[in-house]
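Asks: Okay, here's the structure, questions in a sec.
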Amino acid sequence: MENKITQTGTAKVTIGDQSYDLPIMKGSMGAPGIDVRALHKHSGHFTFDPGYTSTCSTESQITFIDGQKGQLLHRGYPIEQLADKSTFLEVAYLMIHGELPNAAQNTKFTRTITEHTMLHDQVEQFFHGFRRDSHPMAMMCGTVGALSGFYHDDTHTTVNEARDMAMHRLIAKMPTIAARCYKYSIGQPHVYPNNELSYAENFLHMCFSVPAEKYKVSKTIVDAMDKIFILHADHEQNASTSTVRLAGSSGANPYACIAAGIACLWGPSHGGANEACLNMLREIGTVDRIPEYIARAKDKQDPFRLMGFGHRVYKNFDPRSRVLQKVAHNVLEELDLDNPILEVAKELEKIALEDEYFISKKLYPNVDFYSGIVLSALGFPTSMFTVLFALARTVGWISQWNEMLEDPSQRIGRPRQLYSGAVARDYMDLSKR
Ligand code: SDX
């Protein structure tokens, strides 16, 4: 990766009778940033920004989000166009290499991924160590981390070929691992990948086919699955991607870094929101109970939040949510499912978007609001929702991890703190306490 940010001006910071000139840096799109790397060295002061609400942790060329416009671009291409015209593997190639593949590159990349879909047979033993009722995210996190023990060659992150192999193996094996977590949790036999099938169809086949009968799935459902993967692929420096980057900045091996990302994504404020959102919609149950939950979400004494609503960056709409609403409609129509939860979701969205509280706080449905409805209609239990999110986000995580390792300015991430604990004091003997 070549650093492309340029200085466009200077910010003057005045502390007491001292002034410090800090470069203002700008990329190709989005807000400029004040480069504070030299601030502490010259002024003895840190910046303070818990939650990183105003902090750029890195330069990146993979994904751009404009929260006011509801814009999401991957290597410059709008998410709406990629979801409509591309495929998940083509988007994976785009994220890693920066350009859409030509026909030969697409064929080669697809073939490479397809050839790595199987798991080492001893990985099977890991699953039998889990309780059947273990959460699939626990199984996925443990298994992906354990892959470090199977692919030592890939852990030499300074070698391009090793990094490429690790990226290909992770993209290829995540669907197999995800399907294995599901099959193990429902007590059905593991279904091996079938390399004749496309990425999304192979995943559905590994999840829903059984040895006792032939598995058929419609093109609409396969396309919906692939679109869901595209919509979840990457989202600039979100919490789990930042976790992967921080882990990778120490030189940790890629499987351990992705396992760290999976762990972070699991939280209900992040990728776990799709599971929490569908559970919330089921708890609401009927349209007439929506006002009760809207009131709870507004009540500062009540910790309840509308899951699937709000976003750190999107202060208008989340473009992914709009695409997913259409996918939800198409899937339910294809499956001839009358899902009352979709009606509750649509009414909840309508009421919330007209409510002063949500308008004033710029709270809109995010990617997790409709994804649970679609995934449930496809036949997945809520416990699998975040597993599917992790499967898709692996492409973004490894692209960002790879970009970080290729960044000439990359250093180990090591934030500082404002310390407010006890000042220095001498040890007190037990007899005096
Ligand atoms: C994802 O970062 C990414 O890009 C993430 C993601 C990705 O693709 O990687 O987009 C995926 O994680 C989507 C977000 C999924 N999470 C949820 O749906 C959980 C519910 N939403 C929230 O908890 C919250 O909105 C966050 C975590 C998403 C954002 O939190 P912020 O930016 O820290 O905002 P905040 O918590 O400071 O909220 C601002 C105000 C607060 O009120 P005040 O303190 O100002 O009075 O809005 C309120 C909050 O109480 N608020 C909500 C709310 N979300 C925020 N009130 C009710 N319901 C909500 N959902």
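The values are calculated or read from the model by the stated rules, or taken from the named source; none is laboratory data. Since this is a predicted model, take the numbers as computed values, not measurements. Cβ placement follows ideal geometry from the backbone for every residue including glycine, while neighbour counts extend to all protein chains displayed.
Asks: State all residues of the range 375-428 that are part of a loop (DSSP other than H, G, I, E, B), of a type in the set (Ser, Thr, Tyr) and more than 28 Å from Pro50 (Cα to Cα); if no residue qualifies, say none.
Replies: Across the range 375-428, the qualifying residue is only Tyr427.
Asks: Just need a number here: residues in the range 366-410 that are within 17 Å of Val331 (Cα to Cα) and acidic (Asp, Glu).
Replies: 1
Asks: Suppose we filter the range 385-433 for residues that are touching a Ser or Thr at 6+ places or on another chain (Cβ under 6 Å) and among the β-branched types (Val, Ile, Thr); how many remain?
Replies: Residues meeting the conditions: 1.
Asks: Check Gly271, Gly251 and return the single one that is part of a loop (DSSP other than H, G, I, E, B) and surrounded by 23 or more Cβ atoms within 10 Å (Cβ to Cβ). Walk me through it before giving the result.
Replies: Working: Gly251 fails: surrounded by 23 or more Cβ atoms within 10 Å (Cβ to Cβ).
From the options Gly271, Gly251, the qualifying one is Gly271.
Asks: State whether one or more residues within the range 327-340 are more than 12 Å from the ligand (Cβ to nearest atom), surrounded by 24 or more Cβ atoms within 10 Å (Cβ to Cβ), assigned to a helix (DSSP H, G or I) and not β-branched (Val, Ile, Thr).
Replies: yes
Asks: If the Cβ limit is 8 Å and pairs must be 6+ apart or interchain, which residue in the range 357-373 that is near the ligand (Cβ under 9 Å from one of its atoms) pairs with which residue that is basic (Lys, Arg)?
Replies: Sorted first by the residue in the range 357-373, then by its partner, the pairs are Tyr357/Lys298; Lys362/Lys315; Asn366/Arg320; Val367/Arg320.
Asks: Moving on to the next point. For residues that are touching a helix residue (DSSP H, G or I) at 6+ places or on another chain (Cβ under 8 Å), over 15 Å from Ala328 (Cβ atoms) and in a loop (DSSP other than H, G, I, E, B), scanning just the range 223-238, find the one that is nearest to the ligand (Cβ to nearest atom).
Replies: Applying the filter and picking the extreme gives His235.
Asks: Only one of Arg416, Arg312, Arg305 is free of Cβ contacts under 8 Å to residues at least 12 places away in the same chain and either under 30 Å from His97 (Cα atoms) or not aliphatic (A, V, I, L, M) (or both); which? Lay out the reasoning, then the answer.
Replies: Values: Arg416 fails: free of Cβ contacts under 8 Å to residues at least 12 places away in the same chain; Arg312 fails: free of Cβ contacts under 8 Å to residues at least 12 places away in the same chain.
Unique residue meeting the criteria: Arg305.
Asks: Sort out which residues of the range 276-302 are within 11 Å of the ligand (Cβ to nearest atom) and either of a type in the set (Val, Ile, Thr) or within 19 Å of Asp234 (Cα to Cα) (or both), and write them in order of number.
Replies: Ile294
Asks: Find the residue count for the range 154-190, including only residues that are closer than 18 Å to Phe385 by Cβ and part of a helix (DSSP H, G or I).
Replies: Number of matching residues: 11.
Asks: Test Glu213 against the criterion of being among the acidic types (Asp, Glu) and at pLDDT below 95, and give yes or no. Talk me through it step by step, then tell me what you get.
Replies: Details: among the acidic types (Asp, Glu): yes; at pLDDT below 95: yes.
When the stated conditions are applied, Glu213 passes them.
Asks: Still on this structure: I'd like to know if the range 108-129 contains one or more residues that are among the hydroxyl-bearing types (Ser, Thr, Tyr), more than 30 Å from Gly413 (Cα to Cα), modelled with pLDDT of 95 or more and touching a Ser or Thr at 6+ places or on another chain (Cβ under 6 Å).
Replies: Yes, because at least one residue in the range 108-129 is among the hydroxyl-bearing types (Ser, Thr, Tyr), more than 30 Å from Gly413 (Cα to Cα), modelled with pLDDT of 95 or more and touching a Ser or Thr at 6+ places or on another chain (Cβ under 6 Å).
Asks: In the range 382-424, what residues are farther than 19 Å from Ile230 by Cβ, within 16 Å of the ligand (Cβ to nearest atom) and among the hydrophobic types (A, V, I, L, M, F, W, C)?
Replies: If the condition is that a residue be farther than 19 Å from Ile230 by Cβ, within 16 Å of the ligand (Cβ to nearest atom) and among the hydrophobic types (A, V, I, L, M, F, W, C), then Trp401 is the only one that fits.
Asks: So, one more: Which condition does Cys56 not pass, out of (1) more than 25 Å from Gln417 (Cβ to Cβ); (2) in contact (Cβ under 8 Å) with a residue 12 or more places away in the chain; (3) outside any strand (DSSP E or B), if it passes all the others?
Replies: (1)
Asks: Please give the number of the condition Glu213 fails out of (1) under 26 Å from Leu82 (Cβ atoms); (2) away from the ligand (no atom under 16 Å from the Cβ); (3) of a type in the set (Asp, Glu).
Replies: Result: Glu213 passes all but (1).
Asks: So, one more: In this structure, does Gly379 turn out to be away from the ligand (no atom under 12 Å from the Cβ), in contact (Cβ under 8 Å) with a residue 24 or more places away in the chain and either more than 26 Å from Pro78 (Cα to Cα) or not aliphatic (A, V, I, L, M) (or both)? Steps first, answer last, please.
Replies: Details: away from the ligand (no atom under 12 Å from the Cβ): yes; in contact (Cβ under 8 Å) with a residue 24 or more places away in the chain: yes; either more than 26 Å from Pro78 (Cα to Cα) or not aliphatic (A, V, I, L, M) (or both): yes.
Yes; evaluated as a whole, the condition is true for this residue.
Asks: Go through (1) touching a Gly at 6+ places or on another chain (Cβ under 9 Å); (2) away from the ligand (no atom under 16 Å from the Cβ); (3) of a type in the set (Ser, Thr, Tyr) one by one and return the number of the condition Thr220 breaks.
Replies: Of everything listed in (1) touching a Gly at 6+ places or on another chain (Cβ under 9 Å); (2) away from the ligand (no atom under 16 Å from the Cβ); (3) of a type in the set (Ser, Thr, Tyr), Thr220 misses just condition (1).
Asks: Going through Gln105, Gln125 one at a time, which residue ends up being more than 20 Å from the chain's Cα centre (by Cα), closer than 26 Å to Ser383 by Cβ and not in a strand (DSSP E or B)?
Replies: The match here is Gln125.
Asks: Given the criterion exposed (fewer than 12 other Cβ atoms within 10 Å of the Cβ) and β-branched (Val, Ile, Thr), identify the matching residue among Thr58, Thr63, Thr107, Thr112.
Replies: Thr107
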